[in-house]
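The values are calculated or read from the model by the stated rules, or taken from the named source; none is laboratory data. Keep in mind the model is a prediction, meaning the values are calculated, not measured. Using ideal geometry, Cβ is built from the backbone for each residue, glycine included, and neighbour counts are taken over all protein chains shown.
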């Protein structure tokens, strides 16, 4: 809400009366002040016209949906609606019991009096069991899918994995050297470095790629792919470029090897953020993982997964330095 500074008192009072809340007003120019906050839709319906009146046309109101919150005047709303379960014939709250082969209606508040035995039905306990079961199932499916996807990337890089069918029957021999202490290698140094790149996020964060995208998105995509191929050839890390394809109906997802990098097109209803979050969590257990994105929320999740975050601007500077080093190398090689 942007209003003249001399109208700020009226504006704050109105928002409070609506049951809303707001942050500290900020000055926006010589005599204009901006208030950011939220308020129930019911109180904001015709407020734009009021703003125009008390600011003499100088005030501006911009609103966006902010989700759902508990009603601050529920008793008033319920009374105004006037719902009466006793009169709701189509959605009755009563129950039907059977006695001697005939049915009869029992009011909802008298059901316990007519029950022959306790049902033993614990809705809260059942819901907790369902929640736990769904969580375990989701985690298992997620881990299985992730393992398959990571294996696909691994095989794209190193070739098919050959397994011994009878390896489970062999006895593993252990060798213990009592003279030298065993030092465990840190997890982060056990494997190769990985770089996960949020494709479309980077495209629209870099000005040079955004110009291509405005004309032809495929052109911008191929430009980024080629840039990352050069980057991988110089830095020697494993690069996984992820593109959103979650809006493509019945899309099963795809992982392809392009020269020296892996390109992932996510499956239907799976965003690049979701895929990167899932894979970074798995890879960071044994590898040093970096994720290039300008998405603030995604950066926080990545940090929680044990991976390193790189902003789009920082990654652009890094890529520019690599390209400069490549040019210098080629220049000296020609000489």
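Here's the yes/no breakdown for (1) in contact with a strand residue (DSSP E or B) (Cβ under 9 Å, 6 or more places away or on another chain); (2) touching a residue at least 12 places away in the same chain (Cβ under 8 Å):
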residue: 200; (1), (2): yes, yes
residue: 209; (1), (2): no, yes
residue: 220; (1), (2): no, yes
residue: 223; (1), (2): no, yes
residue: 226; (1), (2): no, no
residue: 235; (1), (2): yes, yes
residue: 238; (1), (2): yes, yes
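Residues in the stretch 3-36 that are within 36 Å of the chain's Cα centre (by Cα), assigned to a strand (DSSP E or B) and in contact (Cβ under 8 Å) with a residue 24 or more places away in the chain: 3, 33, 34. When the stretch 37-55 is limited to residues that are assigned to a loop (DSSP other than H, G, I, E, B) and touching a residue at least 24 places away in the same chain (Cβ under 8 Å), the one that is nearest to residue 77 (Cα to Cα) turns out to be 40. When the stretch 240-262 is limited to residues that are exposed (fewer than 15 other Cβ atoms within 10 Å of the Cβ) and touching a strand residue (DSSP E or B) at 6+ places or on another chain (Cβ under 6 Å), the one that is nearest to residue 318 (Cα to Cα) turns out to be 256. Among the residues here, residue 232 qualifies as surrounded by 15 or more Cβ atoms within 10 Å (Cβ to Cβ), out of contact with any helix residue (DSSP H, G or I) (no Cβ under 9 Å at 6 or more places or on another chain) and under 30 Å from residue 323 (Cα atoms). Of all residues in the stretch 65-72, none satisfies being without any contact (Cβ under 8 Å) to a residue 24 or more places away in the chain, in contact with a helix residue (DSSP H, G or I) (Cβ under 9 Å, 6 or more places away or on another chain) and not assigned by TED's automatic domain parsing to the domain that holds residue 47.
Taken over the stretch 37-46, the criterion of being modelled with pLDDT of 90 or more and over 30 Å from the mean Cα position of the chain (by Cα) is satisfied by no residue.
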